[in-house]
Amino acid sequence: MRKCSNLKLLPEQLGELKGLQRLDASETAIEQLPDSIAQLKKLVDLNLSYCEKLRKLPEQFGNMEGLEELQAYGSGIEQLPDSFSNLLKLRSLNLSYCSELKRLPEQLGKMQCLEFLYASDTAIEELPDSIGSLPGIRMLDFNECNKLTCIPTGIRNLKSLEYLWLTSGEDIKEMELIEAVNDMKLEYLSLSCNIRVWLPFILSCSSLTYLILHDEGGRPFPTKPFSFFQLFNLESLDLINCTSHGSSFPELPLNLRTLKVESHASLEQLPDLSYLKHLKKISIRRCCSLQSLHKLPPHLNFLTVADCTSLQEFPDLSELRDLMYLTVLRNGSNLKVSLEENHLQFELSSS
C-alpha cells in the first residue's frame with residue numbers, strides 16, 4: 001500500500017489477518033486506523049510514515065503485543081493512546097517530524113525492550129520521568145525539539161545510551177545534564193546550543209567518539225579560546241555556525257581523525273594542525289572571513305575547502321604524500337595552490 005496517495009481507509013476486517021507480520025501504509029491519505037488493527041498480535045513492523053492526515057491511533061493500539069518497530073515520522077499524529085506503553089516488545093520508535101506531538105506516554109519506562117527513540121522536530125515540551133527506566137535504550141533523538149524545557153535527571157540511569165541528539169531550549173539547565181551524564185558512556189553527541197554555556201557539559205562526556213556542535217550563541221562575544229583537548233577518545237568533530245566565539249578556534253584532541261568546520265563567519269585563520277598525526281579528513285566550508293590556512297596534518301587523505309571567499313593563502317601541499325582527494329572551490333579570486341598532481345585526485349576552482 002506504500003505511496004497509494006489516494007488511499008483514505010483500511011478495511012475494518014484488517015484484524016482478521018491474524019498472521020500478518022508487516023504492514024506498510026506509508027505515504028497514504030489514511031485518516032484513521034480501524035480498531036481491529038489491535039488484534040494483529042503477530043504484527044512485527046508497522047510503517048505509517050508521512051500519513052499526514054492521520055491524527056491519532058486507536059485506543060487499543062497497545063494490544064499489538066508482537067510489535068517491534070513503528071515508523072510514524074512525518075505523520076499527523078498529535079497524541080499517543082494510553083495503551084501505547086503496553087507495546088512491551090517495541091525496539092524502535094520513530095516519531096520525528098510529527099510536528100503536533102506534544103508529549104510521550106507517562107509510562108514510557110514500561111517499554112523495557114526499547115532501544116531507539118527518534119522524536120526530532122516535534123512539539124514535545126517535557127520528557128516523562130519514567131524515561132530513566134529504559135535499561136536498553138541506545139539512542140535518543142530530540143534534535144530541533146525547541147519547546148523542550150526539561151530533561152529528567154533520571155536519564156543518569158540510562159547506562160546503555162550511546163547516541164544523543166539534543167537542541168537546548170532556553171530553560172534546559174546544562175548543569176543538571178552534567179550531573180545526569182556523569183555515569184553514562186555516550187559515544188555520539190549532536191547538540192544545538194550556546195557552546196560557551198554548554199562547554200562543561202560537553203567536556204563531561206569523556207567517552208565521546210563523534211561530536212556535532214551547532215552553535216546557537218548568537219553574535220560574537222569576546223572570550224578566551226576553548227579546548228576539546230581532554231576529549232581523548234574523540235575521532236570526529238563537526239563545528240557549525242560557531243560565530244559566538246569570534247575568531248578563536250578550539251584546541252583539538254590528538255586522536256581526532258575527521259574535522260568539519262562550516263559557516264564560522266568570524267574565523268580568520270585556521271591554526272597549525274600539524275600536531276594532529278591521526279587526522280585524515282578536513283572539510284572547511286562557508287567560512288567567509290577565513291584568510292589563510294597554516295600547516296596541515298602530515299597524513300591527511302582528504303581536504304575540502306569551499307566557499308571561503310576571503311581565502312588568499314594556502315599552505316604548500318607538496319609534502320602531504322598521503323593526500324588523495326583535494327577539492328578547492330569558490331574561494332578567494334587570487335588564491336594559489338601548490339601541489340603535485342600525480343599523487344591525488346583534485347578539483348580546483350576560484351570562481
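The numbers here are math on the coordinates, done by the rules we state, and not lab data. The model shown is predicted, which means the values in this text are computed figures rather than measured ones. Glycine gets a Cβ as well: all are built from the backbone with ideal geometry, and neighbour counts include every protein chain shown.
Compactness of the chain, taken as the C-alpha radius of gyration over 2.2 N^0.38 Å, stands at 1.19.
Dipole check for the chain: with +1 at the C-beta of Lys and Arg, -1 at the C-beta of Asp and Glu, and the Cα centre as origin, the magnitude is about 420 Debye. Estimated at 0.36 nm per residue, the fully extended path between LYS147 and LYS41 surpasses their Cα-Cα distance by 34.6 nm. Here MET324, MET139 are placed in order of increasing Cβ neighbour count within 10 Å, fewest first, which gives MET324, MET139.
Proximity of backbone amide H atoms, modeled 1.01 Å from N, is registered between CYS150 and LEU127 at under 5 Å, excluding neighbours fewer than 5 places apart on the same chain. Compared with the dominant principal axis of the Cα atoms in the chain, helix 195-204 is inclined by about 80°.
Suppose every K and R has +1 on its Cβ and every D and E has -1 on its Cβ; what is the size of the dipole of the stretch 1-99 about the Cα centre, in Debye to the nearest 20?
It comes to approximately 220 debye.
Which pairs, out of LYS42/LYS102; LYS147/LYS281; LYS18/LYS53; LYS3/LYS159, put more than 32 Å between their alpha-carbon atoms?
LYS147/LYS281; LYS3/LYS159
Segment LYS18..ALA265, full-extension length gain: 83.0 nm, with 0.36 nm per residue of separation and the alpha-carbon distance subtracted.
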